[in-house]
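Taken together, the values in this text are just the output of simple stated rules run on the coordinates, not laboratory data. This structure is a prediction, so every number in the text was calculated from the model and none was measured. In this analysis, Cβ positions are derived from the backbone assuming ideal geometry, glycine residues included, and neighbour counts consider all displayed protein chains.
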């Protein structure tokens, strides 16, 4: 049965690292490492790589392995790194996760198994999937509960996974009514829920913190801004946290609703962190007006990303 462990308990701001490409769509490893350095300088407590906001669905297996090795080597213990290892097959996911663990990952993040718009697996299949993964590694597993998988994960099912699979300890909740789900999950899972986390670019951050969230997995463009919300909250100054949230919410909302996964790279390109902020084809470019509004909002908040380069 899962429960509290002797290992570190991760909390705070763990933004998603975007994958950096050049103008031709090839990996830009130099830019990738500058991106990582900026995100650490901006106050990230840890990082997450190869997530959906990293365009993981546009990477080859060889590119995934290269990025995992290079980024973990470059971080070199400066902060814990979560590696996303999602795959429909439990055997492939387990192998990816073993490799990430061997390279120094602090945790893996995994969506429930799914394929396309229609192929889904029932509760028994999901339980078996995560049991296979848990048995394969010795580092924590974060379940990513996201609409993109099209799989309904009830709070009772998530709590059951936490109490039956030894390494399943963290949960990134980014579904509608996330705060209510976090409350239910914490009540049902008790000590087995080591990390109830907020997601979706922190658009519901205050509600989720009120519900008991201990971590936030956001976009990578302004960890310094998210720290301005998280830090006072952890220190017990909820009024200051709410005030900071009100300052940053227009930018958070614009990223979430108007820009999506290209927001962080647009900010990094404008600030000289990286040379090219493009996504990989077939992703369309960021709308120019949305980009202009994003940069204007970020400049008014004096975000580090626009000064770091």
Between residue 132 and residue 30, the two model label points (7 Å from Cα along the beta-carbon direction) sit apart by a distance in nm of 4.2
Cβ density ranking, 10 Å radius, fewest first, applied to 73, 97 yields 73, 97
Could you work out the Rg to Rh ratio of the stretch 158-222, with Rh taken as the Kirkwood radius (inverse of the mean 1/r over all Cα pairs)?
0.98
Would you order 160, 299, 172 from fewest to most other beta-carbon atoms within 10 Å of each residue's own beta-carbon?
299, 160, 172
Please report the spacing between the Cα centers of the stretch 115-129 and the stretch 53-73 in Å, no decimals.
25
Can you pull the Kirkwood radius for the stretch 167-271, inverse mean 1/r over Cα pairs, to one decimal in Å?
14.2
Net length gained if the chain between residue 187 and residue 118 were fully extended (0.36 nm per residue, minus Cα distance):
21.7 nm
In the set (i) 1.04; (ii) 1.19; (iii) 0.94, which value of Cα Rg over 2.2 N^0.38 Å was calculated from the structure you see?
(iii)
